[in-house]
Every structure is written in C-alpha cells, then in structure tokens.
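Everything below concerns the one structure shown next.
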Amino acid sequence: MIGTQPTTPSTKFGYIKPGKELLDCIFKVNSFHEKPDETTATELINESALWNCGIYAFRLRYIKSQLEYRGFKANYENLRLNYSTLPKKSIDYEIIEKETNSVVVRYDGMWRDLGTWSELSNMLNYSTSGQVITYGNTLNTTVINELDIPVAVIGIQNLIVAASPSGILVSDKNQSHHLKNLPGLFQASQEPNCEEKQTRTIDFSKKNGFEILTRRVCIQYGSNISYHSHQEREETWIIIEGEGEVVIDGLFWYVSQGDVIKIPKLSLHSIRAITTELMFIELQKGRVVTQDDTTEHCTQWEHIKDFIRI
C-alpha cells in the first residue's frame with residue numbers, strides 16, 4: 001500500500017504506523033489507526049506514521065482467495081448476480097486492516113484526498129455553480145446547485161451547500177466528512193458529469209413497487225455511451241436535440257429530434273452523437289434503479305460491430 005507524510009494532525013484520514021524497513025522507503029506495516037482524534041494524530045505523526053492513501057496493490061489470486069474465504073464464488077458472473085449480498089464494508093475494514101503480511105511504500109509527492117466536500121472545494125477554481133445568489137458577508141463557502149430553482153446564501157461562512165434532486169446538503173466544511181456516516185440518506189441517482197457526457201437528474205420517484213428515474217443526458221459530437229444492458233430496468237429515450245446513431249441488440253439506425261426509443265430489460269444498447277451535441281431525456285423504470293445494474297460489454301463505438309459479430 002502507499003502512505004504519504006502527513007502535513008497536519010488531521011482527524012479525517014487513516015494512519016499507517018510503519019515497522020521495520022525492508023528496502024529503501026518500504027516498511028513492514030506495524031498497525032492501522034482509523035481517523036484518530038487530534039491528540040492521537042499528533043502522537044502518530046511523532047512516531048513517523050503515514051496517511052493511508054487508500055491505494056493498494058495485490059495479485060488477483062489474493063483478492064479471489066479473500067472472496068472464497070468469505071463464501072463467495074470468485075468468478076465474474078456469480079459476483080455480478082450476487083453483488084448485493086457482498087458485505088457493505090470498505091476494503092480497508094474488511095480485508096486490508098486484518099492482513100498480517102503487508103508493506104507500505106512511502107510516497108513523497110503531493111497527495112490530496114478528494115473524498116470529502118471540504119477537500120474537493122479546495123481544489124475547485126470557483127465557489128458557486130448553477131443558479132446561486134450570494135449576499136452579505138459570505139466567506140469561504142462553496143455552493144453547488146443542480147436544481148432548476150435558485151439557491152440564495154446570505155452572510156454565512158465556511159459552509160458547503162450542495163443541492164440536487166437526490167437531496168440537499170448544508171455542512172460546515174470541517175464536518176463534511178461525517179456525511180459517510182449517514183448511510184442511505186443520499187442514494188446516488190445520477191452519474192458525475194464529464195466533458196464528453198453530461199447528465200442531470202430531473203426527477204426520482206417510487207410508485208406501485210417501481211422506481212422511476214428521469215434525467216437529461218447530453219453527449220458531445222463523436223462520443224457514445226457504452227454498449228451495455230440492465231437486468232432490473234427498462235429505459236425510454238426521447239431525443240430532444242441533435243442527431244445520433246442508436247444500436248439495440250445488434251441493430252443500428254439513425255435518430256433525430258422527436259424520436260422515441262424503447263429499450264427492454266436485458267437488451268444491449270448504445271447511442272452515439274453525430275452532431276455537435278445530442279441531447280435526450282432518459283426514463284428508467286424498474287423494481288430497482290441503480291448504477292450497479294449495468295453490465296458493460298464494450299466502451300468504444302468502433303468495437304461494437306466486432307462484438308456483435310462474435
């Protein structure tokens with residue numbers, strides 16, 4: 001695993017206490033200390049402890065043996081079908097901190113953990129996104145608004161405000177890492193935005209035993225989503241802007257504004273933009289609507305035809 005030299009006695013990170021030096025900058029792991037208080041963190045730093053970067057290297061057969069030890073068949077299809085039964089624990093708690101034969105490599109470069117809103121806000125080159133109004137003595141505050149209504153902040157300091165259809169978060173920056181202690185409060189219902197594909201959740205509801213997610217998807221020219229399928233949900237795409245090419249279960253055709261595409265469960269599907277932007281409304285409906293219910297077969301458009309021939 002990789003550890004880096006702490007810069008402050010932070011209570012947000014785990015620490016690795018190194019033991020005997022085996023090679024240059026490679027140490028036997030003595031012990032782990034998960035998010036200690038500030039006094040303990042100071043003591044650990046004085047004892048040459050490192051921040052745990054959460055970056056691990058191991059042979060594939062090692063992690064397969066860990067799965068089999070816990071009663072799981074370590075093959076892809078079995079794990080895909082039984083993913084929901086895996087322990088809802090991080091690999092740190094479940095495996096790494098119990099391992100007696102491990103080493104830590106000291107990393108001396110810059111390292112930032114973007115696992116909290118506070119750390120992420122420090123890396124952003126802006127303090128507001130979306131429809132945001134700030135007034136008064138508002139300092140050191142980051143506001144991210146993905147809703148179609150404005151968010152106003154007045155005279156507040158050192159806060160994170162994040163508003164989306166999944167929920168609204170208001171947190172002191174120094175306390176934002178506690179969000180992970182609230183399991184189930186915010187269910188991930190949308191993928192993060194990226195340069196080639198942008199998504200925005202419009203609505204999420206539960207009716208008559210079904211989950212229904214509506215979102216807007218924008219794909220840039222020449223880009224595509226992966227050729228994939230869903231076991232638990234069906235989808236409907238409504239093209240609202242641009243032109244594209246769709247493939248469902250090996251059949252290709254052209255689509256443009258106003259076209260409606262229905263995608264049954266288990267059908268392989270993908271779409272590619274052939275104009276500057278392709279925008280469509282995506283309606284997902286199923287007993288469960290999650291990103292885990294996605295089986296990718298290939299990601300590059302030029303590989304889809306090769307996959308179909310196979």
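Annotations
Per-residue answers, yes or no, for (1) out of contact with any Asp or Glu (no Cβ under 6 Å at 6 or more places or on another chain); (2) charged (D, E, K, R):
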| position | (1), (2) |
| --- | --- |
| Thr100 | yes, no |
| Val104 | yes, no |
| Asp108 | yes, yes |
| Asp113 | no, yes |
| Asn122 | yes, no |
| Val132 | yes, no |
| Asn137 | yes, no |
| Thr142 | yes, no |
| Glu146 | yes, yes |
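- Filtered residue count, the range 234-270, keeping only those that are touching a Leu at 6+ places or on another chain (Cβ under 8 Å), within 19 Å of Cys218 (Cβ to Cβ) and not in a strand (DSSP E or B): 1
- Figure legend. Inter-residue proximity from the range 74-85: first residues within 17 Å of Glu296 (Cβ to Cβ), second residues of a type in the set (Val, Ile, Thr), beta-carbon distance below 7 Å, spacing 6+ or different chains. Indicated pairs: Arg80/Thr295.
- A search for C-beta distances below 6 Å between a residue of the range 144-155 that is at pLDDT below 85 and any residue that is part of a strand (DSSP E or B) and open to solvent by less than 50 Å² (accessible area, probe 1.4 Å), counting only pairs 6+ apart in sequence or on different chains, returns Glu146/Ser164; Leu147/Ala163.
- The set of residues in the range 147-160 that are open to solvent by less than 50 Å² (accessible area, probe 1.4 Å) and within 21 Å of Gln198 (Cα to Cα) contains only Leu147.
- No other residue among Ser90, Ser10 is without any contact (Cβ under 8 Å) to a residue 60 or more places away in the chain, open to solvent by less than 40 Å² (accessible area, probe 1.4 Å) and closer than 25 Å to Asn181 by Cα apart from Ser10.
- Qualifying residue in the range 268-280 (condition: free of Cβ contacts under 8 Å to residues at least 24 places away in the same chain and in contact with a strand residue (DSSP E or B) (Cβ under 7 Å, 6 or more places away or on another chain)): no
- So Thr4, is it over 29 Å from Ala162 (Cα atoms) and open to solvent by less than 60 Å² (accessible area, probe 1.4 Å): yes
- Hits in the range 202-219 - residues which are open to solvent by 80 Å² or more (accessible area, probe 1.4 Å) and either on the phi > 0 side of the Ramachandran plot or modelled with pLDDT of 90 or more (or both): Asn208, Arg216
- Evaluating Thr40 against the criteria (1) surrounded by 14 or more Cβ atoms within 10 Å (Cβ to Cβ); (2) in contact (Cβ under 8 Å) with a residue 12 or more places away in the chain leaves one unmet condition, (2).
- Restricting attention to the range 93-113, the residues that are open to solvent by 90 Å² or more (accessible area, probe 1.4 Å) and either without any contact (Cβ under 8 Å) to a residue 24 or more places away in the chain or within 23 Å of the chain's Cα centre (by Cα) (or both) add up to 6.
- Matching option when the condition is of a type in the set (A, V, I, L, M), open to solvent by 70 Å² or more (accessible area, probe 1.4 Å) and more than 29 Å from Tyr83 (Cβ to Cβ), among Leu266, Leu251, Leu278: Leu251
- Qualifying residue in the range 292-304 (condition: touching an Asp or Glu at 6+ places or on another chain (Cβ under 7 Å) and surrounded by 13 or more Cβ atoms within 10 Å (Cβ to Cβ)): yes
The values are calculated or read from the model by the stated rules, or taken from the named source; none is laboratory data. The model shown is predicted, which means the values in this text are computed figures rather than measured ones. Note: ideal-geometry Cβ built from the backbone for every residue, glycine included; neighbour counts use all protein chains shown. Just so you know, the surface numbers come from the protein's heavy atoms only, side chains and all, with ligands and any DNA or RNA stripped out. Shrake-Rupley method; radii C 1.70, N 1.55, O 1.52, S 1.80 Å.
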